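Here's the structure, in structure tokens; my notes come after.
Throughout, read-outs are computed from the coordinates displayed, never taken from laboratory work. Treat the numbers as computed from the prediction; the structure is a model and nothing was measured. For neighbour counting, all protein chains shown are included, and Cβ atoms are generated from backbone atoms with ideal geometry for every residue, glycine included.
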Amino acid sequence: MSGNMKDLNKESSKIEILQPLFWDCKWDSVKENLGSPFVIARVLEFGDPEEINLFVRLVGKDSIKRFLREKGKKLLSPRSYNFWKMVFLANEK
């Protein structure tokens, strides 16, 4: 198994720290749809730094950037949207 695959498997085993953010959802469904706009929005809106860092490693920065460009303004609060836009899209035009 390559180093990256081991790292991803190690990160995947920590995914349970995200479960409290989805208290109202079926956890298996959330895990199967980590890249969905709903899941990304929930983590960015309510996650703490540890949860967000893990989530970004799991879904990738490109998925977060795509979400912010396509759905973020609609699904995040204005404050969260502006903050995450500065974090992930500040160097883009």
Just how many pairs of Lys in the range 29-93 have C-alpha atoms closer than 19 Å, counting pairs that are eight or more places apart or on different chains?
15
Neighbourhood net charge (13 Å Cβ-Cβ; Lys/Arg +1, Asp/Glu -1) for LEU21
-4
Tilt of helix 49-59 relative to the longest C-alpha principal axis of the chain, in degrees (0 to 90, nearest 10)?
80 degrees
Taking the Cα-to-Cβ direction at VAL87 and at ASN53 and moving 7 Å from each Cα, how far apart do the two end points lie in nm?
1.2 nm
Would you work out the charge dipole size for the chain about its Cα centre, treating the Cβ of every Lys and Arg as +1 and the Cβ of every Asp and Glu as -1, and quote it to the nearest 20 debye?
480 debye
